[in-house]
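Read the structure below first, then the notes.
The values are calculated or read from the model by the stated rules, or taken from the named source; none is laboratory data. All values derive from a computational prediction rather than experimental measurement. For neighbour counting, all protein chains shown are included, and Cβ atoms are generated from backbone atoms with ideal geometry for every residue, glycine included. Note: accessible area is taken over every heavy atom of the protein model, side chains too, but ligands, DNA and RNA are not part of it. Shrake-Rupley method; radii C 1.70, N 1.55, O 1.52, S 1.80 Å.
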Amino acid sequence: MTHITTIIKNRAIAYMALFCFVPSTHAQKIPPANYDESKVPHYVLPDVLTCNDGQRVTTKSEWEHKRRPEILETFYSLEYGRTPKEKIKVTYTLIEENPNALGGLATMQQVRLRFEGNGRHINTLLLAFIPNARKGRVPVMIGYNFKGIHSITPDESILYSPYFASLTNRADPVLERGNQTSRWPLEMIMQRGYALVTMCYHDFFPDNAKGRPESAAALFSDYQGNPLPEDAWQALGVWAWGSSRIADWVEQQPWADKDRLAIMGHSRQGKAALWAGAQDTRFRVVISNDSGCGGAALSKRVYGETVAIITNAFPHWFCPAFSRFAQKEESLPFDQHELIALMAPRHVYVASAKEDNWADQRGEFLAAYHAGPVFELYGLQGLGTDKMPDIHQPIMHRVGYHIRAGKHDVTDYDWKCYLDFCDKAWKEK
Ligand code: GCU
């Protein structure tokens, strides 16, 4: 084990040393996104079942004890940064409960989760809908919202998420109640017998380049400001960590079935959902909706959004080491199929939208496909085909995939597929 750790560390150090002398592309001109399939470079994906020392994985045990930890280490050191292990003190306060929400379909709870550490604290606000028609414990969908808990339904009693509560202009359109309802079909979710637990993603890390000192990262005793270490965790890492903290709360609820937890994230939250699922095996189903670059899409295809574009536009999402691969995707010693493979043998679902070229739909599909060998090691079926399905033809094996008509968004069609996939997953064990 020590030997393996040394190899992994040596690799990481070698990559960092290599890039220390290479000027960041941020000062250079960033090429625009390519949308021409014929211009996708020839690329070779690292084999998910070949260890860093060349050993070929043939058993579940080799995967679990050797290859899986080394892939995880690669993502810690080169893409999302290192999640600290320290436990942060948390206090839960039920702020409001309405047993007759959504016209009687659900019980609604608003709960404050206060995290304290390193002489600071942050307050986050969670919103839960629990189906009233339940018999016993229910499966739970966990997912961040982008625009505050007040945005997912027009209910006047829902508080503003902390990030938005401070806005003084009450006429600001972002404060309009229910401005994101189309992404959260609560009636459908309740009727299917699932609880929904959501929080605004800004609560754990305000999504801007100056957000880090205000984020949950600053609660840890080893918090470091600038200059950031190459493997410092940033927003995606903190959002993933935050999902696990929401799962901690969910697990304690008398109505929740902790063996049926699913996480769903859209776009940047699809990236964070995959990273959360990779680290926290309590998420039995992991769903990435239109997550694109740094999520489900293969970086080496250099199609749509690229490493250079994303790390330039969102310098606070990934660990600094990731930006060293800008315009050097061919030298990445990993790719996103390996992130998806980390869910095995649990269930993972990737979805794309026909008009969402920015997220590279084919790259999302292929990453899900190339994760397959790890599922097969468990005698399970991955996607089972390298031919991309037509729109509205979902594939639902241990790995799921669909592409739907329309643009970058979350629609009722997506939710219906996710709930079907989860229903199927719970039966499979
Ligand atoms: C931008 C970004 C994407 C991200 C998306 C989103 O488009 O470039 O990487 O997925 O925002 O989160 O909506």
Counting only residues that are in contact with a Gly (Cβ under 8 Å, 6 or more places away or on another chain) and touching a residue at least 60 places away in the same chain (Cβ under 8 Å), which one in the stretch 359-369 is farthest from the ligand (Cβ to nearest atom)? 368
Please state which one of 268, 245 is at pLDDT 95 or above, more than 26 Å from residue 92 (Cα to Cα) and of a type outside the set (A, V, I, L, M). 268
Being more than 12 Å from residue 157 (Cβ to Cβ) and of a type outside the set (A, V, I, L, M) is the filter here, so list the residues in the stretch 98-117 that pass it. 99, 103, 104, 107, 112, 114, 115, 116, 117
Does the stretch 193-200 contain any residue that is open to solvent by 20 Å² or more (accessible area, probe 1.4 Å) and within 25 Å of residue 257 (Cβ to Cβ)? yes
When the stretch 306-358 is examined, which residues are found to be more than 27 Å from residue 282 (Cβ to Cβ), within 15 Å of the ligand (Cβ to nearest atom) and aliphatic (A, V, I, L, M)? 307, 308, 309, 310, 313, 326, 353
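Residues are listed down the side, and each one gets a yes or a no for (1) more than 15 Å from residue 30 (Cα to Cα); (2) crowded, with 22+ Cβ neighbours inside 10 Å:
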{"position": "291", "(1), (2)": "yes, yes"}
{"position": "297", "(1), (2)": "yes, yes"}
{"position": "300", "(1), (2)": "yes, yes"}
{"position": "309", "(1), (2)": "no, no"}
{"position": "325", "(1), (2)": "no, yes"}
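Among the residues of the stretch 288-305, write down those that are under 15 Å from residue 371 (Cβ atoms) and either within 11 Å of the ligand (Cβ to nearest atom) or small (Gly, Ala, Ser) (or both). Spell out how you get there, then give the answer.
Here is the first cut: in the stretch 288-305, the residues under 15 Å from residue 371 (Cβ atoms) are 288, 291, 295-300.
Selection gives 288, 291, 295, 296, 297, 299.
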Please give the number of the condition residue 86 fails out of (1) among the acidic types (Asp, Glu); (2) closer than 23 Å to residue 219 by Cα; (3) surrounded by 12 or more Cβ atoms within 10 Å (Cβ to Cβ). (3)
Members of the stretch 394-429 that are assigned to a helix (DSSP H, G or I) and open to solvent by less than 40 Å² (accessible area, probe 1.4 Å): 414, 415, 417, 418, 419, 421, 422, 425, 426
